[in-house]
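Here the structure is laid out as structure tokens; the discussion comes afterwards.
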Amino acid sequence: MIFDAHAHIYPDAIALKAAHSIAEFYDIPVLCDGTLGTLLEIGAKNDITRFLVHSVAMSPKRTRHIDDYIAQCVREHPDKLVGFGTLHPDSPDIAADIDYAISLGLKGIKIHPDMQLFALDEPRSLKMFEALEGRLPVLIHTGDKRYPYSNPRRMAEVMRRFPGLTAICAHLGGYSEWEEAVDLLPGTGVYVDTSSSLFALAPERAAEIIRAFGVDHVLFGSDYPMWNPGEEKRRLEALALTAAEKQAIFYDNAARLLNL
């Protein structure tokens with residue numbers, strides 16, 4: 001079984017526009033259209049069993065609209081999808097937003113500091129993490145040498161302050177800042193996913209980084225629609241990892257973490 005722990009989806013009417021907006025942000029051509037239909041089609045063709053789906057609120061007022069959309073998708077495809085809600089640090093009531101996500105059956109929260117324009121270790125962020133600690137896991141875009149918001153050093157400070165936080169640091173702990181991530185984050189308790197990383201790292205180095213974090217703390221993620229989940233699956237399969245290590249990354253770790 002294979003679980004893709006990092007897939008963005010959008011309503012069909014805006015999906016392609018949203019996908020191209022992501023491509024412009026990263027200055028990398030987007031490979032897919034961002035619709036749920038395409039994601040499920042790719043999954044069926046590539047034996048990807050289930051997806052963790054989410055989106056990001058660019059303003060506080062969008063938070064519950066996004067949660068509603070993700071929850072609706074999960075209700076329509078309960079055997080294929082697990083949903084994460086979102087938070088915005090400028091929300092007037094973070095605790096109520098978390099309660100709302102839980103009431104919808106969403107299993108965690110996704111945030112993107114570089115797009116939402118907040119530093120991981122600033123006071124308004126710390127209020128979010130304090131509210132999440134012990135309640136829901138949080139998937140965090142981590143790292144980008146172009147921006148100061150989400151670098152691994154800030155993430156390490158978050159874990160120092162909130163050791164009970166279940167944090168999944170996307171992009172092997174630090175998109176384009178992988179060496180800083182592997183220096184600072186192993187041993188802090190974070191999980192990482194493989195999204196938007198394997199295209200840029202030599203296979204040997206990717207395997208080393210995965211083992212540095214501990215194979216039991218790594219999840220397979222594609223970052224759909226930036227990348228095709230089938231291609232990302234093949235990139236991970238090509239790494240010099242044992243069959244048992246790949247099984248853990250492809251499914252077992254996510255199953256344990258998310259109670260699949």
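Here are some notes:
- Filter pass, GLY189 being on the phi > 0 side of the Ramachandran plot and surrounded by fewer than 23 Cβ atoms within 10 Å (Cβ to Cβ): yes
- Test result for ASP144, assigned to a loop (DSSP other than H, G, I, E, B), open to solvent by less than 20 Å² (accessible area, probe 1.4 Å), touching a residue at least 12 places away in the same chain (Cβ under 8 Å) and among the charged types (D, E, K, R): yes
- Here ALA131 fits the description: on the phi < 0 side of the Ramachandran plot and surrounded by fewer than 21 Cβ atoms within 10 Å (Cβ to Cβ).
- Some residue of segment 32-41 being in contact with a helix residue (DSSP H, G or I) (Cβ under 8 Å, 6 or more places away or on another chain) and closer than 19 Å to LEU219 by Cα: yes
- Looking across segment 95-149, the residues that are of a type in the set (S, T, N, Q) and within 27 Å of GLU24 (Cα to Cα) come down to GLN116, SER125, THR142.
- The set of residues in segment 116-141 that are assigned to a loop (DSSP other than H, G, I, E, B) and more than 24 Å from ALA71 (Cβ to Cβ) comprises LEU117, PHE118, ALA119, LEU120, ASP121, GLU122.
The values are calculated or read from the model by the stated rules, or taken from the named source; none is laboratory data. Keep in mind it's a predicted model, so treat the numbers as computed, not measured. No Cβ is skipped: glycine too gets one built from the backbone with ideal geometry, and neighbour counts run over all protein chains shown. These area figures cover heavy atoms from the full protein model, side chains too; ligands, DNA and RNA do not enter into them. Shrake-Rupley method; radii C 1.70, N 1.55, O 1.52, S 1.80 Å.
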